[in-house]
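The values are calculated or read from the model by the stated rules, or taken from the named source; none is laboratory data. Since the model is a prediction, treat every value here as computed from it, not as a measurement. In this analysis, Cβ positions are derived from the backbone assuming ideal geometry, glycine residues included, and neighbour counts consider all displayed protein chains. With ligands, DNA and RNA removed, areas are computed over all heavy atoms of the protein, side chains included. Shrake-Rupley method; radii C 1.70, N 1.55, O 1.52, S 1.80 Å.
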Amino acid sequence: MPSVFRRHLLPVAAILLLVIGVSACKPLCLPQLNDVWVGSGYTSDHWDGVTHEPANVWIDNPKMAASLAKFIESHGVRSLVYRHDFECAPKHGTDCPDCLVCTLNRRGVISYDCQPGGDLFVKAEIGPGTSVRAMTYWRR
């Protein structure tokens, strides 16, 4: 009799733990931070659901620049436009025929805690060569 009891107790306990765990969950949301460009907009290595970036000011963002440089190296500049909706144009006033200025606007960003994070704007100066400088602007 004890072995029969033990054999049935484990599945029942597992089901109870699962039900308790599911009942404690928040509603599922799919944050836009899965988008690499939005996630790279945060310069902090620790993201706790709150943007610590200054609001309503352009800031130099080396983390975004590194993400863009890595992407461009793997996929090319044109992929920024086709895959991620960047708008790119030649950089005016330079003697650099391959230099570009690329921008991206993400409005209504949802953070990991399913709260509105604001709007993210990106400006990237690409070139000469593989150099990338990126700036981000959070409007909250």
Q) So what's the net charge close to PHE121: Lys and Arg +1, Asp and Glu -1, counting the other residues with Cβ under 11 Å from its Cβ? A) +3
**Q.** Hull volume in cubic angstrom per residue (convex hull over the Cα atoms of the range 63-128)
**A.** 100
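If you rank ARG106, ARG83 by how much accessible surface each has, with a 1.4 Å probe, what is the order from largest down? The partial results should precede the final answer.
Details: ARG106 45, ARG83 140 Å².
From most accessible down to least: ARG83, ARG106.
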